[in-house]
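Participant: Once you've had a glance at the structure underneath, I'll fire off some questions.
The values are calculated or read from the model by the stated rules, or taken from the named source; none is laboratory data. Since the model is a prediction, treat every value here as computed from it, not as a measurement. Quick reminder, even Gly has a Cβ in these numbers, built from the backbone with ideal geometry, and neighbours come from all protein chains shown. For accessibility, only protein heavy atoms count, side chains too; no ligands or nucleic acids. Shrake-Rupley method; radii C 1.70, N 1.55, O 1.52, S 1.80 Å.
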Amino acid sequence: MGAISGWWRLSGDLEEEASGAMVEALAHRAPRGGREERLPGLFLWEARERTESATGSAKGVRVVADARIDNREELERRLGLSAGASPEELIAA
(Lines give C-alpha, C1' and ligand atoms only; values in the text may rest on other atoms or scores of the structure.)
Protein backbone atom coordinates (compact mmCIF):
# COMPACT_ATOMS: atom_id res chain seq x y z
CA MET A 1 0.00 0.00 0.00
CA GLY A 2 1.23 3.50 -0.67
CA ALA A 3 0.30 7.02 -1.53
CA ILE A 4 1.78 9.96 -3.36
CA SER A 5 0.92 13.61 -3.31
CA GLY A 6 2.37 16.64 -4.91
CA TRP A 7 1.91 20.30 -5.48
CA TRP A 8 3.38 22.38 -8.26
CA ARG A 9 3.10 26.14 -8.24
CA LEU A 10 4.46 28.31 -11.05
CA SER A 11 4.78 31.43 -8.92
CA GLY A 12 5.91 31.69 -5.33
CA ASP A 13 6.67 29.16 -2.66
CA LEU A 14 4.22 26.66 -1.23
CA GLU A 15 2.47 27.22 2.05
CA GLU A 16 3.81 24.89 4.73
CA GLU A 17 0.30 24.51 6.17
CA ALA A 18 -1.19 23.23 2.90
CA SER A 19 1.52 20.67 2.23
CA GLY A 20 1.29 19.52 5.85
CA ALA A 21 -2.44 18.96 5.43
CA MET A 22 -1.81 16.73 2.39
CA VAL A 23 0.69 14.63 4.30
CA GLU A 24 -1.61 14.37 7.31
CA ALA A 25 -4.52 13.21 5.13
CA LEU A 26 -2.42 10.35 3.72
CA ALA A 27 -0.50 9.38 6.87
CA HIS A 28 -2.69 6.30 7.45
CA ARG A 29 -1.25 4.87 4.22
CA ALA A 30 2.30 5.08 5.57
CA PRO A 31 2.76 3.26 8.88
CA ARG A 32 6.54 3.60 8.44
CA GLY A 33 6.39 7.25 7.49
CA GLY A 34 7.06 8.88 4.18
CA ARG A 35 9.58 10.86 2.25
CA GLU A 36 9.22 14.42 1.05
CA GLU A 37 11.12 16.62 -1.32
CA ARG A 38 10.84 20.37 -1.62
CA LEU A 39 12.17 22.42 -4.49
CA PRO A 40 11.20 25.98 -5.45
CA GLY A 41 7.52 25.77 -6.36
CA LEU A 42 7.37 21.97 -5.98
CA PHE A 43 6.39 19.66 -3.15
CA LEU A 44 6.41 15.86 -3.50
CA TRP A 45 5.55 13.36 -0.78
CA GLU A 46 5.59 9.58 -0.98
CA ALA A 47 4.31 7.11 1.57
CA ARG A 48 5.19 3.49 1.08
CA GLU A 49 6.12 0.36 2.89
CA ARG A 50 9.57 0.87 1.38
CA THR A 51 10.99 4.37 1.40
CA GLU A 52 14.02 3.82 -0.81
CA SER A 53 14.13 5.18 -4.33
CA ALA A 54 15.75 3.97 -7.47
CA THR A 55 18.64 6.05 -8.67
CA GLY A 56 19.32 6.60 -12.31
CA SER A 57 21.57 8.58 -14.58
CA ALA A 58 19.12 11.48 -15.05
CA LYS A 59 19.97 13.85 -12.21
CA GLY A 60 17.19 16.22 -11.17
CA VAL A 61 14.42 14.15 -12.76
CA ARG A 62 11.43 13.16 -10.62
CA VAL A 63 8.86 10.64 -11.77
CA VAL A 64 5.54 10.15 -10.02
CA ALA A 65 3.33 7.33 -11.22
CA ASP A 66 0.06 5.74 -10.27
CA ALA A 67 0.85 2.58 -12.14
CA ARG A 68 0.17 -1.11 -12.35
CA ILE A 69 2.96 -3.28 -13.70
CA ASP A 70 1.85 -6.41 -15.54
CA ASN A 71 4.10 -9.28 -16.66
CA ARG A 72 6.69 -8.32 -14.06
CA GLU A 73 8.89 -11.40 -14.58
CA GLU A 74 8.94 -10.98 -18.36
CA LEU A 75 9.80 -7.28 -18.02
CA GLU A 76 12.64 -8.04 -15.61
CA ARG A 77 14.06 -10.61 -18.02
CA ARG A 78 13.73 -8.43 -21.15
CA LEU A 79 15.16 -5.36 -19.39
CA GLY A 80 18.04 -7.32 -17.88
CA LEU A 81 16.97 -6.61 -14.29
CA SER A 82 17.34 -8.98 -11.37
CA ALA A 83 14.31 -10.93 -10.18
CA GLY A 84 12.26 -8.93 -7.68
CA ALA A 85 13.22 -5.53 -9.13
CA SER A 86 11.41 -2.65 -7.46
CA PRO A 87 8.63 -0.76 -9.27
CA GLU A 88 10.99 2.23 -9.43
CA GLU A 89 13.65 0.16 -11.20
CA LEU A 90 11.12 -1.19 -13.71
CA ILE A 91 9.75 2.28 -14.51
CA ALA A 92 13.22 3.82 -14.75
CA ALA A 93 14.45 1.07 -17.07
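Participant: In region 69-93, what residues are among the acidic types (D, E) and either closer than 26 Å to A3 by Cβ or touching a Cys at 6+ places or on another chain (Cβ under 8 Å) (or both)? Working first, answer last.
Facilitator: Pass one, region 69-93, residues among the acidic types (D, E): 70, 73-74, 76, 88-89.
Correct list: D70, E76, E88, E89.
Participant: So which residues in region 68-93 are in contact with a Pro (Cβ under 7 Å, 6 or more places away or on another chain) and either in a helix (DSSP H, G or I) or on the phi > 0 side of the Ramachandran plot (or both), if there are any at all? Lay out the reasoning, then the answer.
Facilitator: Step one: filter region 68-93 for residues in contact with a Pro (Cβ under 7 Å, 6 or more places away or on another chain), giving 69.
Correct list: empty.
Participant: Further question on the same structure: Given the conditions (1) in contact with a helix residue (DSSP H, G or I) (Cβ under 8 Å, 6 or more places away or on another chain); (2) modelled with pLDDT under 65, report the number of the one that A85 does not fulfil.
Facilitator: Failed condition: (2).
Participant: What residue, among those in region 3-40 that are in contact with a Gly (Cβ under 8 Å, 6 or more places away or on another chain) and open to solvent by 90 Å² or more (accessible area, probe 1.4 Å), is farthest from R68 (Cα to Cα)?
Facilitator: For region 3-40, the residue satisfying everything is D13.
Participant: Additional query: Just to be sure, is E52 at pLDDT 80 or above, outside any strand (DSSP E or B) and loosely packed, with under 11 Cβ neighbours inside 10 Å?
Facilitator: Details: at pLDDT 80 or above: no; outside any strand (DSSP E or B): yes; loosely packed, with under 11 Cβ neighbours inside 10 Å: yes.
In short, no.
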